[in-house]
1. State, to one decimal in nm and shortest first, how far the label point of B:ARG227 sits from each corresponding label point in the other identical copies (label point: 7 angstrom along Cα-to-Cβ).
2. Quick check for you: with a 1.4 Å probe and neighbouring chains kept, what is the accessible area per residue of the stretch B:106-152, in Å²?
3. What fraction of the DSSP beta bridges in the stretch B:106-245 is antiparallel, stated in percent and rounded to the nearest 5?
4. Carbon and sulfur: what percent of the protein assembly as shown's accessible surface (1.4 Å probe)?
5. Would you mind classifying the stretch A:183-381 by shape? Square roots of the alpha carbon gyration tensor eigenvalues, ordered a ≥ b ≥ c; an a/c under 1.5 is rounded, otherwise it is prolate if a/b is larger than b/c and oblate if not.
6. Once the whole set of protein chains is in place, how much accessible area is left on B:VAL174, using a 1.4 Å probe, in Å² to the nearest 10?
7. What is the packing order of peptides B:357-363, B:215-221, taking the mean over residues of other C-beta atoms within 10 Å and listing the highest first?
8. Any chance you could get the radius of gyration and Dmax over the Cα atoms of the stretch A:10-178, in Å?
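The values are calculated or read from the model by the stated rules, or taken from the named source; none is laboratory data. This is a predicted model, so every value here is computed, not measured. FYI the Cβ positions are ideal-geometry reconstructions off the backbone, even for glycines, and counts take in every protein chain you see. Just the protein is used for accessible areas: all its heavy atoms, side chains included, with ligands, DNA and RNA removed. Shrake-Rupley method; radii C 1.70, N 1.55, O 1.52, S 1.80 Å.
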Number of protein chains: 2
Amino acid sequence: MHISKFVTPEIIFGDGAVDQVGESCRRLGAQKVLIVCDDGVMHANWGEKVVKNCQDANLACTVFSDITSNPKDKEVHRGVKVYLDNECDAVVGVGGGSALDAAKAIAIIATNGGNIHDYEGVDKIDLPLPPLVMVSTTAGSGSEVSQFSIIVDTGLKKKLTIVSKSLIPDIAIVDPITLSTKDAALTASTGLDVLTHAIEAYVSVAATPLTDVQAKNAISLVSEYLRPSVASTSNKEAKNAMAMASLQAGLAFSNAILGAVHAMSHAIGGRFSLEHGEINAVLLPYVMEYNLLAAPKQFAVMAEMMGENINGLTAMEAGKKAISYVRKLARDIGTPTTLSAMGLDESAIPVMSQIAIKDACMITNPRDVTIRDVEELFRLAL
Amino acid sequence: MHISKFVTPEIIFGDGAVDQVGESCRRLGAQKVLIVCDDGVMHANWGEKVVKNCQDANLACTVFSDITSNPKDKEVHRGVKVYLDNECDAVVGVGGGSALDAAKAIAIIATNGGNIHDYEGVDKIDLPLPPLVMVSTTAGSGSEVSQFSIIVDTGLKKKLTIVSKSLIPDIAIVDPITLSTKDAALTASTGLDVLTHAIEAYVSVAATPLTDVQAKNAISLVSEYLRPSVASTSNKEAKNAMAMASLQAGLAFSNAILGAVHAMSHAIGGRFSLEHGEINAVLLPYVMEYNLLAAPKQFAVMAEMMGENINGLTAMEAGKKAISYVRKLARDIGTPTTLSAMGLDESAIPVMSQIAIKDACMITNPRDVTIRDVEELFRLAL
């Protein structure tokens, strides 16, 4: 057995947890915080709520909300300027993966200087980051607990995958109430992103017993609660369960890393302004079919976690049930099932494949992947 | 749903993990470390190994091994003197719960001053502790990940239960290889301590979904692997599984706290030099019988985790199977089944009951407990 490491932030979970953001910053010694959020968060008033809470805790607050979905290098650099101009000493991210990843990227440069492109890859961050508090408002990215930040390089039209223990926030705040402002389509796509995190972490070559329990529980929660969560904004039990699933999938993939779905999804998201969760939803069953050969036993366990009856089946037969389950789930909640339905065609496949094969997430995919394999997978998913 | 917090140290787990102790201290900025361990650890050469590894990392090392089982206030104060005399700046604990709890207690006073008695109870520690690295060599205490330190007040003949997030180490190192030097009796009693942690955390009134996954997995690992681990010092699969069970039970109880077994066990351990794991082994089934009324559903889940067939049973019926399972397990591995077999009699019950009822662990017991109830439980277990 190899040595496994498991790192998590302090986690504050539950209805009303968002009200602890100010006190959390104070505990970390902050006095002037940069609050990074996107427009959706501001519209849903979560941004305002966080600002108010921080001000009540006697913190000076500057809001930076110039962030788009799939956050860009230029946005990060603008955020750094705002951080420095206002002499901030801590970063609070509020929102989904885009806002949280941007907040982390701003924090990197705030203390390490340079350009966000300098930090692509694994363990490229030398100096400690300012205190980081992340408030997750979508059950999806897991960024609130992860050692990842994904930023678009607008010049090279690719996503930079930045991986470092320094990116694990000090405190992660997960408040299921914030999920009540997500519409059905976003609930569906971010929910399948959670499932993708859990599945890729569970079959990752870097999986450990500590990540396995989190991944398995996340798979079982998504299987039971994603459909009712998509069906109703006010089903509190489902929102709580999906918030927990997202958190546990995040703990799993932050420590076990991901696989080919994310490597390929980053390659698409760097070129086309498409939603990360929807891309993953399309790619997941194809990559699972490809990976089944590498991990039939784990696939069988996943089928069981999804509630499938695997009595008397071989691991390969049971594993196939996990794949068909994912297809059924995607159909039920209405996420796209082909890349062409999202506007992609053949032409971008060669360049996207070259980028995907070099993504940090590809290293931990359980089955070896050549560039021909990636091209073929993209073609199957078209 | 209330708000739940979940805090863990960085965890380094696996064969050979003990070789990362020096580098771990360095990462935390240490230069002169106090290494706290007990005689057993020194005899098994784990203490020497840790010293060597720290010296190789250019750390000045002072060893303090004047620690007994159920560590005493006086030993802690002597350790503090050694820490200060040698101008140490970090504490490394190596061993089972006694050494690790003593190491934490020394760290408290090293920066907060005063007397260890000042810190009894919850959240009494104001100033940050020096960097803390814990190397666990028994699959038992969970102290390497927990916010607990238990120290004997030799004057009042009771155990001080100290609970604070400050006591969560910075880095926990768990190396299953170290378990190969434990004899069968110690493997059995520390293994039942693990089971007690998991069960008390699972039915605690402060349990959360994040602690539940850890507790359930620990119960299932103990049920599968404790017997073979007691049977053989060289069964690596069993040692790995028990090390993981101990770690996960520790994560569960550190965040969900414990219950009446530990409250009563602390009361005994403060007066009589008996082994904590053995006391728990005796008390556990009696307290489970008492608590069943409060949490039949959780007891039924535990029975399932233990591999019992609960098909068609009510929660109460299934829950009883969890209790009988614990009795069978204890019989198989030969831990004591009565307090009288350990040398206790009726006479200490009144005073022990008064102490137990005020222990911090009693607060989270799922069923209300009066002093009469505690007396009756002690009597049943005699």
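1. 3.9
2. Values: 1360 Å² over 47 residues.
Heavy-atom accessible area per residue stands at 29 Å².
3. Counting only bridges with both partners in the stretch B:106-245, antiparallel ones make up about 50 percent.
4. Details: 13500 of 26650 Å².
C and S fraction of accessible area: 51 percent.
5. Working: a/c = 1.55, a/b = 1.18, b/c = 1.32.
It is oblate, given that a/c is not under 1.5 and a/b is not larger than b/c.
6. For B:VAL174, solvent-accessible area is about 10 Å².
7. Numbers: B:357-363: 20.0, B:215-221: 26.3.
In descending order of packing, they fall as B:215-221, B:357-363.
8. Expressed in Å, the Cα Rg and Dmax of the stretch A:10-178 come to 14.2, 43.
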